[in-house]
Amino acid sequence: MRKDKDIAVKLRKQGLSYNQISEKIKIPKSTLSYWLKDLEISEKAKNKIKERVNETAIKALIKRNKEQTKIASDRADIIRKEAKEESKKLFKNKLFIAGVSLYWAEGYKKGAYGSKWKSVDFANSDPEMIKVMMKFFREICRVENKNIRLQIIAHRNVNIESAVTFWSKKIKIPKDQFMKTYCSYPEKESKRKNHTLTNGTLHIRINNVKLFFRIIGWIDGFKTQLMGP
């Protein structure tokens, strides 16, 4: 036993971890911990152990992230397939057809094809189209007003306060649900063009991954309905 302990001490001073020492001399880690708990080792050895621990932690984190990504991807596929099947029962609903068609044309879809951001986002400057989409989100998607966020994208010549008031009244959403950051187009571009979007372009944003993939599934079903499998 003394020989094993001497070897363990030597290996520990070289900067090996308890796992590595245990594998080499076939001694349980609990025994190594008892033998080596008061052992003084050099800064170089401490750094080697620390680096190895960090490396192991990073590998474990990467593995866990990959596993979680796979689980999330599988879950998204299930939601999308179920929504595609569900869409067969909804094609007689005019609001469903209008909402799915408009989202297919103007909504954010990159999240279904590799982009990390996966959230519902529909943008347009036509007030009547926006009203239709709000009706779609409320009645077909069953989204409550409190879960809707809005953002205006506007040129520098747009009066943001007036635009917020306009859209707030148009779609009956309180002003405090408008995001505080308003992105403007470059000033040079604004001078070059005669912009007529006096109320800017409105983004309707719903941070709901499940709903995002449900809408994508509805679009899949709509495509099949129009063009076949």
Go through the stretch 148-163 and give me each residue that's closer than 17 Å to residue 179 by Cβ and surrounded by 14 or more Cβ atoms within 10 Å (Cβ to Cβ).
148, 149, 150, 151, 152, 153, 154, 158, 160, 163
What are the pairs with Cβ atoms under 8 angstrom where one residue, in the stretch 75-86, is outside the structural domain of residue 209 (by TED's automatic domain parsing) and modelled with pLDDT under 95 and the other, located anywhere, is surrounded by 13 or more Cβ atoms within 10 Å (Cβ to Cβ) and not in a helix (DSSP H, G or I)? Sequence gap at least six, or different chains.
76/118
Do we find that residue 14 is over 30 Å from residue 116 (Cα atoms) and either out of contact with any strand residue (DSSP E or B) (no Cβ under 8 Å at 6 or more places or on another chain) or surrounded by 15 or more Cβ atoms within 10 Å (Cβ to Cβ) (or both) in this structure?
yes
For the stretch 110-118, does any single residue satisfy the condition of being in contact with a helix residue (DSSP H, G or I) (Cβ under 6 Å, 6 or more places away or on another chain) and of a type in the set (Phe, Trp, Tyr)?
yes
Determine if the stretch 58-65 includes at least one residue that is of a type in the set (Val, Ile, Thr), out of contact with any helix residue (DSSP H, G or I) (no Cβ under 8 Å at 6 or more places or on another chain) and free of Cβ contacts under 8 Å to residues at least 12 places away in the same chain.
yes
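The values are calculated or read from the model by the stated rules, or taken from the named source; none is laboratory data. None of the values given here were measured: they were computed from a predicted structure. Heads up, the Cβs are rebuilt from the backbone with ideal geometry, glycines too, and the neighbour counts pull from every protein chain shown.
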